[in-house]
Amino acid sequence: MISLRSAELFRTHLKARMPFRYGIATMTEVPHVFLRLTFDFGGKAQDGLAADHLPPKWFTKDPNRALHDEIDEMSAVIRAAVSHAHSLRAATPFAFWRELYTAQAAWGATQKIPPLLAQFGTSLVERALIDAFCRAQGVTLAAALRANRLGIELGALHPSLAGTTPRDWLPATPPAEVFARHTVGLSDPLTDAEIPAGERVDDGLPQSLVACIRFYGLSHFKLKINGDAPRDRARLAQMAEIFTRECPAGFAFSLDGNESFREVAPFADYVREMQAGVGGPRFWAQLLFIEQPWHRDVALTPAIGALARAWPDRPPIIIDESDAALTSLPAALSLGYAGTSHKNCKGIFKSVANASLLAQRRAAGLPAMLSGEDLSNIGPVALLQDLAVAACLGVTSIERNGHHYFAGLSQFTAAMQSHILAHHGDLYIRSQAGWPRLDVRGGRLPLGSVLRAPFGCAPGLDLSGLPMESLA
């Protein structure tokens with residue numbers, strides 16, 4: 001049986017090297033937490049790690065709430081999930097997660113906490129559990145999924161998958177490298193000339209879009225839009241010119257609406273306007289998908305289905321923030337969406353089931369898409385674990401922007417930096433300033449060391465230099 005023995009929460013505060021504007025928020029600093037859990041696997045104790053930002057204005061896009069209140073609420077969600085986990089006993093990691101998910105959902109309902117936020121706490125416990133299990137078993141995540149050693153019951157989440165296991169749907173071998181899809185935030189400079197002298201960053205890393213393309217060899221991009229048609233049109237037109245000039249071998253891009261549209265039908269007019277006035281057909285032929293254009297209040301309503309029927313030539317549209325429950329993807333598909341996103345903060349077992357459901361749809365000749373997204377995800381743990389999961393799910397174009405908004409691992413301890421350089425030297429390289437930075441080459445990230453680790457990050461990371469709180 002699996003049980004939780006002890007829990008420790010470590011917290012640090014990170015400052016961005018440049019502001020990141022997404023939706024209604026602009027990130028300039030953010031708390032980052034590490035959760036270390038010790039599980040008992042039939043008498044054998046094993047530690048597991050998880051980590052993530054505590055990003056205000058994403059889980060609940062409420063413009064009226066104070067940032068510190070949202071951060072406190074995210075911390076409370078984590079503590080609640082750990083408290084629930086202490087009372088559980090289960091035969092497999094999947095069974096443990098299901099019981100935890102149910103307990104956290106009930107608690108969230110009583111506290112009036114939306115499911116997306118409530119299950120963020122579950123996802124951190126789930127990640128640490130998978131890390132500990134893979135370490136205890138001496139297997140990689142890919143091998144554990146292939147042999148279903150985690151005990152995943154796909155039919156319990158999506159009935160059409162009953163009688164199947166992840167190996168029936170997921171890639172036999174995860175990709176050895178993936179495209180780093182570079183986010184262009186709403187306020188990001190497109191050229192060096194746009195950067196005011198007082199806002200230039202001098203840390204050896206590129207700042208403008210053009211500089212990033214040349215420095216990293218980028219060819220995949222995620223472009224933020226906010227529904228301000230004149231502004232969006234001007235920026236998209238400028239980016240179309242930049243991509244054509246700077247990416248002669250080709251490029252691809254996604255659009256992220258960040259829930260900017262609260263009315264359903266006008267979005268179709270907005271897209272048609274952009275397609276008619278920006279870049280031409282060759283530019284729009286490179287569009288991968290549009291991510292969550294509608295606010296979550298309307299994104300899964302019948303009006304979306306009516307629009308889909310009236311807009312047969314629409315680009316692929318996926319949900320992201322609306323993917324808050326285990327039933328969200330089936331509901332979205334029934335309304336005409338093409339799929340959803342993967343983020344570890346939304347849950348790993350959930351994404352495995354969603355990826356399997358989408359693979360089943362593709363096998364039936366139906367449109368089905370799983371993207372890889374993040375919210376300025378960084379190492380030394382969170383980024384690597386997310387890459388490991390996304391690769392195992394077969395995602396090959398993954399939004400990676402944490403290395404752009406944060407100066408590598410410069411704000412972590414020397415011991416953490418040394419660990420990453422020693423064990424993940426294919427993914428990180430020492431910057432000219434001496435700290436590890438993500439080594440994006442030719443627009444791609446190599447995943448060799450990530451896939452060889454039990455779960456993304458090599459064991460042995462020293463957290464002793466960070467403030468710690470025991471969660472019993």
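The values are calculated or read from the model by the stated rules, or taken from the named source; none is laboratory data. Given the structure is predicted, the values throughout are model-derived calculations rather than measurements. Cβ coordinates were reconstructed from backbone atoms using ideal geometry, including for glycine residues, and neighbour counts include every protein chain displayed.
Note on region 401-472: enclosed strands (runs of 3 or more DSSP E) holding 3 or more residues that are in contact (Cβ under 8 Å) with a residue 24 or more places away in the chain are 436-438, 444-446, 468-470.
For region 247-299, what are the residues that are assigned to a strand (DSSP E or B) and either in contact with a Ser or Thr (Cβ under 9 Å, 6 or more places away or on another chain) or outside the structural domain of L223 (by TED's automatic domain parsing) (or both)? If the condition is that a residue be assigned to a strand (DSSP E or B) and either in contact with a Ser or Thr (Cβ under 9 Å, 6 or more places away or on another chain) or outside the structural domain of L223 (by TED's automatic domain parsing) (or both), then A252, S254, D256, L287, L288, F289, I290, E291, W294 are the ones that fit.
Mind counting the residues in region 133-192 that are charged (D, E, K, R) and in a strand (DSSP E or B)?
Taking region 133-192 as the starting set, the residues that turn out to be charged (D, E, K, R) are 135, 146, 149, 153, 167-168, 177, 181, 188, 192.
Now narrow it down to the ones that are in a strand (DSSP E or B): 177, 181.
Looking only at that region, the number is 2.
Take the conditions assigned to a helix (DSSP H, G or I), among the aliphatic types (A, V, I, L, M) and touching a residue at least 12 places away in the same chain (Cβ under 8 Å) and apply them to L116. Does it pass? Lay out the reasoning, then the answer.
On the way: assigned to a helix (DSSP H, G or I): yes; among the aliphatic types (A, V, I, L, M): yes; touching a residue at least 12 places away in the same chain (Cβ under 8 Å): yes.
Criteria met by L116.
Restricting attention to region 430-450, and to residues there that are at pLDDT 95 or above and either surrounded by fewer than 16 Cβ atoms within 10 Å (Cβ to Cβ) or of a type in the set (D, E) (or both), which single residue is farthest from F10 (Cα to Cα)? Before the answer, list the steps.
Our first condition is that a residue be at pLDDT 95 or above; within region 430-450, this holds for 430-431, 434-450.
Now narrow it down to the ones that are either surrounded by fewer than 16 Cβ atoms within 10 Å (Cβ to Cβ) or of a type in the set (D, E) (or both): 430, 434, 439, 441-442, 448.
On the way: R430: 25, G434: 25, D439: 26, R441: 32, G442: 35, G448: 28 Å.
The residue in question is G442.
Among the residues in region 26-34, are any farther than 30 Å from G185 by Cα, at pLDDT 95 or above and either buried (at least 17 other Cβ atoms within 10 Å of the Cβ) or aliphatic (A, V, I, L, M) (or both)? Checked region 26-34: no residue is farther than 30 Å from G185 by Cα, at pLDDT 95 or above and either buried (at least 17 other Cβ atoms within 10 Å of the Cβ) or aliphatic (A, V, I, L, M) (or both). When K350 is tested against (1) touching a helix residue (DSSP H, G or I) at 6+ places or on another chain (Cβ under 8 Å); (2) at pLDDT 95 or above; (3) assigned to a loop (DSSP other than H, G, I, E, B), just one condition goes unmet, and that condition is (3). Annotation note: of A422, A453, A415, the sole residue that is in contact with an Asp or Glu (Cβ under 6 Å, 6 or more places away or on another chain) and at pLDDT 95 or above is A415.
Could you check region 81-97 and list, in sequence order, the residues that are buried (at least 21 other Cβ atoms within 10 Å of the Cβ) and either without any contact (Cβ under 8 Å) to a residue 60 or more places away in the chain or not assigned by TED's automatic domain parsing to the domain that holds G43 (or both)? Steps first, answer last, please.
First, the residues of region 81-97 that are buried (at least 21 other Cβ atoms within 10 Å of the Cβ): 81-82, 84-85, 93-94, 96-97.
Correct list: A81, H84.
Of all residues in region 1-54, those satisfying the criterion of being without any contact (Cβ under 8 Å) to a residue 60 or more places away in the chain, of a type outside the set (D, E) and farther than 25 Å from D72 by Cβ are R5, G42, G43, A45.
Residue count for region 354-376 satisfying the condition of being more than 16 Å from the chain's Cα centre (by Cα), under 19 Å from P159 (Cβ atoms) and not hydroxyl-bearing (S, T, Y): 10. Report every pair of residues separated by at least 6 positions or lying on different chains whose Cβ atoms are under 9 Å apart, first residue within region 186-205 and touching a residue at least 12 places away in the same chain (Cβ under 8 Å) and within 22 Å of F221 (Cβ to Cβ), second assigned to a helix (DSSP H, G or I) and of a type in the set (D, E, K, R). Every condition considered, the pairs that remain are L186/R231; L186/R235; P189/E199; L190/R235.
What residue, among those in region 230-254 that are aliphatic (A, V, I, L, M) and closer than 15 Å to S187 by Cα, is farthest from the chain's Cα centre (by Cα)? Only one residue fits best here, namely A234. Filtered by the rule that a residue be buried (at least 20 other Cβ atoms within 10 Å of the Cβ) and either touching a residue at least 40 places away in the same chain (Cβ under 8 Å) or touching a strand residue (DSSP E or B) at 6+ places or on another chain (Cβ under 6 Å) (or both), region 243-263 gives F243, F253, S254, L255, D256, N258, E259, S260, F261. Within region 377-390, identify whether any single residue is part of a loop (DSSP other than H, G, I, E, B), of a type in the set (A, V, I, L, M), assigned by TED's automatic domain parsing to the domain that holds R314 and surrounded by 20 or more Cβ atoms within 10 Å (Cβ to Cβ), and answer yes or no. Within region 377-390, one or more residues are part of a loop (DSSP other than H, G, I, E, B), of a type in the set (A, V, I, L, M), assigned by TED's automatic domain parsing to the domain that holds R314 and surrounded by 20 or more Cβ atoms within 10 Å (Cβ to Cβ).
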